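Okay, structure first, notes after.
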Amino acid sequence: MKIALAPNGVITMEFPHLMKLVAENQFDTIYHEHFSYFSLLSASRIFAAHGLTIYDVDELETHGGSLRVYACHAEDPLPADHAERRHVAGVRDRGGLEDLDYYAGFAERVRDTKHKLLDLLIAVKRAGKSIAGYGAPGKGNTLLNYCGIRTDFLDYTVDRNPYKHGRFLPGTHIPIYARSASQRPAPTTC
C-alpha cells in the first residue's frame, strides 16, 4: 500500500474488529472468509512499520463489529477534512490486547458456550424431541463443527437458498432442505 499510494493519497481499509469479537464471544465469525482480525492497536502498528499513519476510524456493525480506517503517508499532512484525529482517540483499544490472559479468557468463554449448548441439546434429545436448524450460513458451520454437533443432535436444517437444498453442511453432514414442509422429512420421535 505504501508503494501504490500517491503523495497526499488516502487509504481506506475495513476489517473485523478483534476487540468486538472477543468482547461479544463471536467465535462463530471465524471461518474461511474471515481469517484476519485486527485491533486498532495492531493495525496502527502495522501501518506505522511501513511509513503510514491511521488518522481516522469508523466503528461499523458489519460482521458483528468492524473498523474502517483511513490512513496516509506518515510524512504527509493530514487531509484537510480530517485535520485532527477526531475518531481515533474515541476508539482506543481497551486493556488486555497485549496480555495472554485476555485471549485465555476468550478461549474459556468459548468452551463454556460449547458446554452450555451441548447441555441444552442433550436435554432436548433426552426429552424425545427433534431439533431442526434454520439457515445454513458459514457462521453456523463454525459453531456446529466446533461443538461436534452432527445429525445425532440436529436432524436437518432448512434454508431459503434453493442452491443449498439437497446438499449437506460441511463437516457435519447435516442435510439441508427447503423451508417448505412438503420438501423435508417429517420429524422423528424417540
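The values are calculated or read from the model by the stated rules, or taken from the named source; none is laboratory data. Quick caveat: nothing in here was measured; it's all calculated off a predicted structure. Here the Cβ positions follow ideal geometry from the backbone for every residue, glycine too, while neighbour counts run over all protein chains shown. In case anyone asks, the SASA skips ligands and DNA or RNA and just uses the protein heavy atoms, side chains included. Shrake-Rupley method; radii C 1.70, N 1.55, O 1.52, S 1.80 Å.
A few remarks follow.
- Long-range HN-HN contacts of ILE174 with modeled amide H, under 5 Å: LEU169
- The listed peptides 146-153, 67-74, 98-105, 169-176, ordered by packing as a protection proxy, come out as 67-74, 169-176, 146-153, 98-105 (highest mean of other Cβ atoms within 10 Å first).
- Inter-label distance, ILE122 to ARG179: 3.4 nm, where each label sits 7 Å from its Cα along the C-beta direction.
- Centroid-to-centroid separation of the range 39-74 and the range 1-18 [C-alpha atoms, Å]: 8
- Working from label points 7 Å from Cα in the Cα-to-Cβ sense, the ASN145 to GLU59 distance is 3.1 nm.
- Label-to-label distance, nm, for residues given as GLU75 and TYR163 (7 Å Cα→Cβ offset): 4.7
- Normalised per residue, the accessible area of the range 99-154 is 60 Å², obtained with a 1.4 Å probe and no contribution from ligands, DNA or RNA.
- Residues whose amide H lies under 5 Å from that of ASP56, counting only those 5 or more places away or on a different chain, are TYR70; hydrogens are built 1.01 Å from N in the peptide plane.
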